[in-house]
Every structure is written in C-alpha cells, then in structure tokens.
C-alpha cells in the first residue's frame, strides 16, 4: 500500500464527483432497501450498510471511483448467517450476526495489511463463474415468494419446498406489481438511465401503482426508523466463537473477491490501476463500521461503480458523497419508504439475480473444454446446495490440480534426455558428437525453463528405461527450480543413480538452485569435482578420468 492515508482524494474534481455520487446514491437506495429486506435484518440495515461501507471504503480504499455497499452475493451469505444465528440464539441472534460482520471487516483489514490482495483475483474463471451463477440462482428462488405474494423463506430448501404452495395460491395484485417492476428495469430506455436509474423508476412506478390497489392486499416494507443508527456492540462468547469466526471468514473472503473483481472493472473503464491491499483495508474498515451500526456487510458494487464513473465520478469523494446523500435520506425520508411494496423489491432483486448469472458461459458451453464445464457446474451446485466456502475451496483445489497437470506436460517438454545415439547427422553440435562417441555410456539430462515439483513423476517415467549408461550429466544451465520440492526430486535422482553405481555430474547450477541443493546436502554428497560450470568442463572431466565401465544394477 502507498503511504497516503486516504484514497486519491482531490477537490479538483469535486463538481463531477458530486454528480457521480448523487447518481450512484439514486441507484443504491432501492437496491439497499431490497437487500435489507432480503437479508432478514430489515430495510434500514441495507441502507446503513450502503452508508457505512460506501463511506469508509471510498475514503480508505484503493479504487478511487469504486462505490461500495450491500451486494447480491453478500446479501445471500449474510441472510444465511442471520437466519442461523436467530434460530439458535433467539435473544441475541441479530447482534451475533452483526458481530460476524465486524469480524469479517477486521479479517479484511488483516488481509490487506498482510498484502494478500493480489491472490483474490487469481481465483480461476470456472470457480468465479460457478459461484456467481449459483448466487444469482439463490437470489431468484428466494424472491419467488414475495413476487407471488407470500412471505419469504429463510433458506433455499424451504423455498423449494414452498414453491408448489405459492403457485397454488398466487396473489395476482402483487405478482402484477413485481412483474411491472421487472418490466421497468428491462424496458426503461438506456438514454434516460443516467438521469433516472432503472431501479429507482421501478420503485417509484410500483409504489404509485400500489396506491390504487386495496391496501390490505399489498405487503409493504413497513415502518423504517429515521435518524442516525444506534451502536450495536459486538456480542462475544466462547460458545459461539467458532460459528462467528466461520461466518466472518466467509463474508470476508466473498467481500474481498466481489470488491476486487469490481476494482478490475473500474480499472478497465478508467485506465487506472487500483491498489488491491489498500482496497481490502478500506472495505474492512467499512464492514467493521457497518456491523457496529447495524448495517449489512458490503463490497464494491459493479453497477453503482459503473454509474458513478459514467456520471463523472473521479475520486473517492464520489463514493463518500453517495453515502452522505443516503444518510440525508435516512434522516428525513424513512417514513416514505415504508409504503414500498415487497413485490416491487422482489422484482428488482430478481433482475439483480439474473444479471449475476454468467450467461456467457451457458451460451458458449458447447465450445468450452469438458473440464471447464464440469468444474463450473460443480461449483454452481455446491454454491446452491452446500455453501460458498466449500464451493470455492473445492473449485480452487480441482482447478489447481488441472492447471498443475497442464503445466507439468509443458515443463516435461523442456526436458531433453539423450545419450547421443539419436543425434541427427546434419548440423550436429560438438556436444552431440561427443555424446555419441561415448557409445551410450554417458546420458545427458538437460533441464530448461521453470520446473515445479509436478515434473517428478514424468521425469522418473522417462528415466525408467535408461539402464546402460555409467555416468549421467545433469545440465541445469537454463533451468529454474521452482521451490524446494524440485530440488528434492533432483537430490533423490542423484542418490538413486549413485546407489546404482553410476556417477553424476552437475553442470551450470544457478545460484538459487545451489542454495536449495546445499541445504539438502546434495552438493556435499557429490563433491566439488562433480559440480562444474559448463558442459565442456563436464566433457573434460569424463575424458580425463576415463571412467571405467561398471556393472549396472537391474534396479534402474
């Protein structure tokens, strides 16, 4: 992270930052209300989350134009946390949920200070695609109840079980309102979206139409407290410490991925470079403060960030202005939001869920490798039916195994093994001619490029049929050993050759490889005479010592 405390703040762009922040706030308000309702903590929690996460991430984060607040993925996870905590601990469940949010923020701060930000954007595409699509599916299914005029369910399986009952008793007025909201967010002209964002138009149109319908048939948000939120001091207990830490890690990891992916989107539009570690610190401060004041956890919000940039936002002031506008709304306009129909919010959220789904994956599914398709669908299924952490861990693990296998095949192509017998007649080098003159007694193993631990098995397989040589030359002049594991493979090979009464020469050992082999005792085992700098020195060593043929062990 850079030495400055704040996130690229400059009053030079204040007029355009004000426009960007104001526009982002207009987009954020209906989404914050909807996310708050969907979380089970109430609409006010969504708005407070947008205020506090948005403010502190803008001031202390590492992406100047990013606008943060509650997002679809974060809401899905925190809804599960609140539901679980309230079911087990009815009296303190909500406070425990906000404690988990504070813990998530502190974890994100630690991740940023430890400079781990760059690793979160290394999550493979199939994993990101799978869990984002899974979250989109969860949002859509959970909102079917309110859309059809029924109370929402706290869990996905409960929603699945309730769908037949919902369909058998549809409340047509509320379905009409939800359908109207969906139609507005899809059909509202793009040229007007900058001045009147789709979610706000859907909220206003749906609420106005609801005034003409029988009040008793329409479920609304209900009373929303106005004013500055009270403190929600964390509730700590050894009995729930494990659950709180698990929930905190889950929220922190998801928030980090969500935010840093949005930072990449902002970079691509503004042609700037964000600071991943600073961004994690800013998001962590925002989430910790949100939990302390009863707000939902948040992350960088792609739609709000893009709107902010398009409307002129340049610096962190735009995100801060977005939060202050929302705070002013909460200080005086909460009573008006009480009349917003839940079905309208459900329609808006279903559009959010649809947008989160990676449709480009499904459109290209027939052209993608089977490994990619299978991994994406596996992560999708685990996200929907198990949980996000399991989905990400399993997805990353399997993806890394596939990647290691592919890299191993590439690295094995950089291994040259010859005794000179296969040398071509045309343009033979002096080395090849010399090897051929040894009549199979000298085997050259030349390693090129980076070599990881995964080449060990392939290397052993290639050497398995080589039994006739009396001396092996291992040329590392152009090799780069990746980690101690690769050095251990070489050490094992050298000991195996020596045990089979064959000599080994090491040629051109790079400095880093020398350090690893010295720590393992390999260089001391060989002796200084058998470690040379160049291949001609190795040739001279063999010729001068005139190595006598020794019986070869059948062990190979």
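Computed from the coordinates by the stated procedures, all read-outs in this text should not be read as laboratory data. Note that the structure is predicted; figures quoted are calculated from it, not measured. Please note: Cβ atoms are built from the backbone with ideal geometry, for glycine as well, and neighbour counts cover all protein chains shown.
Structure values in brief
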read-out	value
Protection proxy ranking of 61-73, 22-34 - average other beta-carbon atoms within 10 Å, highest first	61-73, 22-34
Antiparallel bridges, percent of DSSP beta bridges restricted to the stretch 414-545 (to nearest 5)	20
Computed label-point distance, nm, for sites residue 160 and residue 406 using a 7 Å Cα→Cβ extension	3.2
Inter-label distance, nm, simple model (7 Å from Cα along the C-beta direction), residue 113/residue 87	3.5
Evaluated over the stretch 414-545, the Cα radius of gyration and Dmax, each in Å	14.0, 43
Distance between modelled label sites at residue 515 and residue 385, nm, 7 Å Cα→Cβ extension	4.8
Helical mean residue ellipticity (222 nm; -39500 (n - 2.57) per DSSP H run of 4+; nearest 500) of the chain	-20500 deg cm²/dmol
Contour minus Cα-Cα distance for residue 339 and residue 495 (0.36 nm per residue)	48.2 nm
Whole-Å distance, taken between Cα centres, linking the stretch 173-200 and the stretch 79-98	34
Under 11 Å from the residue 331 label point (7 Å along Cα→beta-carbon), backbone N, the stretch 196-235	227-228
Helix axis angle, 93-113 relative to the chain longest principal axis, alpha carbon, degrees	40
For peptides 443-449, 432-438, sequence by mean Cβ density within 10 Å, most packed first	443-449, 432-438
Crossing angle, helix 14-39 versus the chain [Cα axis fit, 0-90 degrees, rounded to tens]	80
Rounded tilt (10° steps) of 342-356 against the dominant C-alpha axis of the chain	20
Ascending count of other beta-carbon atoms within 10 Å, so fewest first, for 139, 402	402, 139
Peptides ranked, highest mean first, by Cβ atoms within 10 Å: ranges 222-231, 350-359	350-359, 222-231
